[in-house]
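Only the coordinates and a few stated rules stand behind these numbers; no lab work does. All figures in this text were calculated on a predicted structure; none of them were measured in a lab. Using ideal geometry, Cβ is built from the backbone for each residue, glycine included, and neighbour counts are taken over all protein chains shown.
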């Protein structure tokens, strides 16, 4: 792959700045008014603008994806085509988590049967953990990336090594997540 080192470094710094300043809204910061689908899509995409879009997609989530989540009972059904804070919380967690965890595991982590109080507690805990982990990630990137970029290689080789390092970390993180969820699943007594 060909990389423009200065452009990559500049974009990484911009992304780092964004991650340091960005935080998902807490439960009390989510709109209390019930929203229609187009409003939900715009809001979720605004909150999660830092996430990569799938190839060929202009948004993190679409109306079709939300309808699919409802149909598959991953998100509670809207009431009279209107979505509440519960729906927004589910969608923010799902769209964030699906970057690294399968939908089946997400269903295990946040079942659709939760009460509003349970959703609020799970969501606020998720937002807090998301923030702490984001800051930790930025710290680790700042610690590791300069060492890789200082290697005596070409810019393309160094930047390719950074990409590989991120890919390996992503894979290991996904594997650790799935192993922990499998252990939790195995320890859950049969009902």
In degrees, nearest 10, the alpha-carbon axis of helix 116-149 is tilted away from the dominant principal axis of the alpha carbons of the chain by 10
Taking 90, 18, 47 and counting other beta carbon atoms within 10 angstrom, the fewest-first order is 18, 47, 90
Residue 180 and residue 22 label points (each 7 Å along its Cα→Cβ direction) are spaced in nm at 2.2
For 9, 127, ascending order of other Cβ atoms within 10 Å (fewest first) is 9, 127
Highest GNM mean-square fluctuation among 167, 150, 65, for the chain with Cα springs under 10 Å, belongs to 150
Once both label points are put 7 Å beyond Cα along the C-beta direction, the residue 161-residue 118 separation in nm becomes 4.9
Exposure proxy check on 80, 153: fewest-to-most Cβ neighbours within 10 Å is 80, 153
Measuring from the longest principal axis of the C-alpha atoms of the chain, the long axis of helix 37-47 (C-alpha) lies at a number of degrees, nearest 10, equal to 40
Note on the chain: the mean projected area of its alpha-carbon convex hull, in nm², is 12.8
Taking Cα pairs closer than 8 Å and at least 6 residues apart, the relative contact order of region 74-191 in percent is 24
Taking a crude spin-label model, label points 7 Å out from Cα along the C-beta direction, the residue 140 to residue 4 distance in nm is 3.0
Inter-part gap, Cα centre of region 151-168 to Cα centre of region 87-141, in whole angstrom, is 30
Between the Cα axis of helix 5-21 and the main Cα principal axis of the chain, the angle (0 to 90°, nearest 10) is 40
